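In what follows, a single structure is set out as structure tokens and then discussed.
The values are calculated or read from the model by the stated rules, or taken from the named source; none is laboratory data. Computed from a predicted model, the values in this text were never measured in an experiment. Please note: Cβ atoms are built from the backbone with ideal geometry, for glycine as well, and neighbour counts cover all protein chains shown. Accessible surface areas use protein heavy atoms only, side chains included; no ligands, DNA or RNA. Shrake-Rupley method; radii C 1.70, N 1.55, O 1.52, S 1.80 Å.
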Amino acid sequence: MSRRGLAAMPPRATRRTLASAAQFRDLFCPAGLLLVPRCCQAGELALSGWAATPRTRLAELTNAHPGMVAGTWTLENSRESVRSADVEGGSAAVRDQAVQSDPISGRSRRSKRQRTSVAPTHVAPTQECGKSVAAHDAGAIATPSPADEAAKLLAQEGASSAWYGSYVLQHEGAALASMLAELPFGEPPARGLRHLQCVWLFFGQNRDDVGELPGRSEHTDKVVHDGTWHLQLAGRKRWRVRPTTELLVANPNLPERGYDVVCESGDLLMINTRLWWHQTSIPSTSEAADGMSLSVARDFYFDDTDTDTPSHSNPGEGEECDMANVDGLFATDDVAAGTVILSEHDVGAEGLEIELDDDPNCELVETDDGDTLMVSVRDIAVGEWFTLAKDPT
């Protein structure tokens, strides 16, 4: 048993073994998953304000760049008690809020992150239509004032509440440079990697002592990258990951049930989130720095000038990015061509966004009675996202 009490662990490495680009690829590429326990030592974390005082650093960044936060802020989950004043009566009333994301299940709507250059269209359902596909609220909670909401949550130091949020630091060069300079490292010790100019921040607190707080439902990320590294700076985070069908075909030795990993402060997890279904949760943060869990993440790309092994994509170093969280639908079972996926009568008040693609697997068909259906134009494999044509003509 490991120090986390797990019988099965993902591929592991030490910080020293990451120094060689060739050795890192040999360790990472077969599974697209690599855990580096204690990649940062306690002394290194103590020297970083982001690890020692994460709440303060997050509040400063959030308040300084509300427009940036508004673009990507997502409240993944919230389980909090909010006290509001009864103005007319002069009394205080306590209102319990419990906004829970769905547990891992076979339901089909999932949030994913992607470059916003791939635009979705708004044509979708809110309930099941057929045996193999279903719509599902992904747990991301919209808010009219994202920066205010994030700042309010961050100000709840010492409060008995549980919440989990995220946003992207992007388009703010000075803020990004300042953060990277203060982290134990802005790039992992693995050589031969390129990064876009953005950092994902995943943070929250869980002081309710009623169990772990889950984030968004199990999902994959529709991004073009070779992997993402996640550095746990404060508190802990549990990862439940399992390989996609595509990954199992490439590496049949991987366990279909996947892995259950708890990252502690200083641990580095490197994962291809396009190939691994993943869902995270925050254990108790009562003993964590500032009472918080904080991890930072950057997508990486292999530098093909250093090796003959091809990269999935190789952007220029320092390329600007425009990342966002996007919802979509995918098949929970194999779907035959000609299957009716959705009807406009299944669409709820807010609808659902369906991704547009140059090679779509679905089309919109109008029936004689004026109803609009979304129908598969080819066989669709389990796990594949439903898409419509960019140009409806």
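Annotations
- Here residue 38 and residue 363 are evaluated by their C-beta separation; at R0 = 41 Å the FRET efficiency comes out at 0.20.
- Heavy-atom surface of region 151-190, accessible at 1.4 Å and reported per residue (Å²): 36
- Global form of region 161-303, assessed from the alpha-carbon gyration tensor, a/c cut-off 1.5: oblate
- Here the contact order of region 158-245, divided by its residue count and restricted to Cα pairs under 8 Å and six or more residues apart, works out to 39 percent.
- Sorting the segments 19-32, 172-185, 234-247 by their residues' average number of neighbouring beta-carbon atoms within 10 angstrom, most packed first, yields 234-247, 19-32, 172-185.
- The stretch between residue 377 and residue 23 holds 123.1 nm of extra length on full extension. This uses 0.36 nm per residue minus the Cα-Cα distance.
- Solvent-accessible area per residue for region 198-244 (1.4 angstrom probe, square angstrom): 24
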